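To keep things clear, I will list the structure first and then write my remarks on it.
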Amino acid sequence: MRADAVRGHLDGLLLAVLEPGPLHGYAIIAAVQHRSDGVLALRTGTIYPALNRLERLGLLGSSWQSSGERRRRCYELTDAGRRSLAGERTAWSEFTAAIGSVLNPISPPDVAT
C-alpha cells in the first residue's frame, strides 16, 4: 500500500492499537501490521514523531518500563485520547460512506443534460 494512503489516518491507527492497553513502539508497529493483515507496515521514523506529538497533545501518556536489561517507553491512551479515537472512528465512517457512495453507487447517477 502506498505510504500516502495512510497520511491523515495515522493518528487514528495509533490510537486504535493502543485502546486495549499500553504498548512500546515496536509493538505498536507490529499491532498495526497484524491488524491490517500485513498491508500496513509503518516505519519507526513515522510513528515515533507521531507518538511524541500525540503525547504533547495530551492524547497519550508514556512511561519507561524495563524488560530484562532493556528499557522501553510504553504509550497508553488518556481519557482525551479515547475521546479523540471516538471522533476518528466517526470521521472514518463518514469518509468511507461518502467515498463508497461515489465509487460504488447503488443506482446509476442522474446526469443533468
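The values are calculated or read from the model by the stated rules, or taken from the named source; none is laboratory data. Remember, predicted model here, so these are calculated numbers, not experimental data. Quick reminder, even Gly has a Cβ in these numbers, built from the backbone with ideal geometry, and neighbours come from all protein chains shown.
Filter the stretch 2-24 for residues that are under 14 Å from Cys74 (Cα atoms) and not in a loop (DSSP other than H, G, I, E, B) and give the result. Residues satisfying the conditions are Leu14, Leu15, Val17, Leu18, Leu23, His24. Can we say Arg70 is at pLDDT 90 or above and surrounded by fewer than 16 Cβ atoms within 10 Å (Cβ to Cβ)? No.
Results for (1) touching a residue at least 40 places away in the same chain (Cβ under 8 Å); (2) closer than 12 Å to Leu18 by Cβ; (3) part of a helix (DSSP H, G or I), shown as yes or no for each residue.
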| position | (1), (2), (3) |
| --- | --- |
| Leu51 | no, yes, yes |
| Cys74 | yes, yes, no |
| Ala80 | no, no, yes |
| Leu85 | yes, yes, yes |
| Glu94 | no, no, yes |
| Ala97 | no, no, yes |
| Ile106 | no, no, no |
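Quick grid of which residues meet (1) surrounded by fewer than 13 Cβ atoms within 10 Å (Cβ to Cβ); (2) at pLDDT below 95; (3) over 29 Å from Ala31 (Cα atoms); (4) of a type in the set (Gly, Ala, Ser):
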{"site": "Tyr75", "(1), (2), (3), (4)": "no, no, no, no"}
{"site": "Ala98", "(1), (2), (3), (4)": "yes, yes, no, yes"}
{"site": "Pro105", "(1), (2), (3), (4)": "yes, yes, yes, no"}
{"site": "Pro108", "(1), (2), (3), (4)": "yes, yes, yes, no"}
{"site": "Thr113", "(1), (2), (3), (4)": "yes, yes, yes, no"}
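Scanning the stretch 57-87 for residues that are of a type in the set (Ser, Thr, Tyr) and either in contact with a Lys or Arg (Cβ under 6 Å, 6 or more places away or on another chain) or under 20 Å from Gly12 (Cα atoms) (or both) yields a total of 4. The single condition from (1) touching a strand residue (DSSP E or B) at 6+ places or on another chain (Cβ under 8 Å); (2) within 14 Å of Leu14 (Cβ to Cβ) that Asn52 fails is (1). (1) surrounded by fewer than 15 Cβ atoms within 10 Å (Cβ to Cβ); (2) at pLDDT below 95: which one isn't true of Ala86, the others all being true? Exception for Ala86: condition (2). Inspection of the stretch 89-101 identifies at least one residue that is more than 17 Å from Val6 (Cβ to Cβ), over 14 Å from the mean Cα position of the chain (by Cα) and not small (Gly, Ala, Ser).
Of everything listed in (1) in a loop (DSSP other than H, G, I, E, B); (2) free of Cβ contacts under 8 Å to residues at least 12 places away in the same chain; (3) surrounded by 12 or more Cβ atoms within 10 Å (Cβ to Cβ), the single unmet condition for Ala27 is (1).
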